[in-house]
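Quick note: the coordinates plus some simple rules give every number you see, no bench work behind them. This one's a predicted model, so the numbers in the text were calculated from it and none came from an experiment. FYI the Cβ positions are ideal-geometry reconstructions off the backbone, even for glycines, and counts take in every protein chain you see.
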Amino acid sequence: MRPSEQDEFSWIKLPGTAENLSSFQKYILDLVKQHEAPPDITLKIEMVLEEVLLNIINYAYSGDRPGIIKAGCLFSDEGVIVVRIIDQGVPFDPSSSPDPDTTLPLEDRDIGGLGIFLVRRMSDQVDYQRKDGQNILDIGFRL
């Protein structure tokens, strides 16, 4: 499910710093809990948020100035929670990253990619688009 431009998200917008990670998570998780999402879905959302937000905080912006991250949540009539994360960092489409070869021994694996792999495995849908200089990532979770 890809939300339309008219769908109403509830938003939090803060500088993308590690200090703000818990504020992003608390805001989204409070919304999820208000909608009585099952604990397993809530845990998945918490883990996915941490992975995606830390990737943006650590890699999306160059220099010492953090960029702004906007995170929102939408609850569809079809029983899907959509978490949307928007940043103006370097373009990065996590939905197009190849899965790491988890059959290889650890010492033979490429560095990176495991977090994105886990995001795709814990969620039901990952959609990315680059629009107006922004990365827009929608992550869906079926209730």
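What to note about this one:
- Positive-end residue of ALA71, ILE45, PRO15, charge dipole of the range 6-80 with Cβ unit charges: PRO15
- Prolate/oblate/rounded label for the range 16-142 (Cα gyration tensor, a/c 1.5): oblate
- For the range 16-142, lysine pairs with C-alpha atoms less than 17 angstrom apart, excluding pairs fewer than eight positions apart on the same chain, total 4.
- Extension gain for the segment TRP11 to SER97, taken as residue separation times 0.36 nm less the Cα-Cα distance, is 28.3 nm to one decimal.
- Backbone phi angles across the range 124-138, fed through the Karplus curve with coefficients 6.51, -1.76 and 1.60 (θ = phi - 60°), yield HN-Hα couplings of 9, 7, 10, 10, 10, 8, 10, 9, 6, x, 10, 8, 10, 10, 10 Hz in residue order; Gly and Pro are listed as x.
- Annotation: amide H of GLN125 within the under-5 Å range of GLY140, sequence separation 5 or more or interchain, hydrogens built in the peptide plane.
- Taking Lys and Arg as +1 and Asp and Glu as -1, the other residues whose beta-carbon sits under 11 Å from that of ASN20 total +1.
- Each peptide in 68-75, 33-40 was scored by the mean count of other Cβ atoms within 10 Å over its residues; highest first, the order is 68-75, 33-40.
- Placing unit charges on the Cβ atoms only, positive for Lys and Arg and negative for Asp and Glu, gives the range 16-142 a dipole magnitude near 320 debye about its Cα centre.
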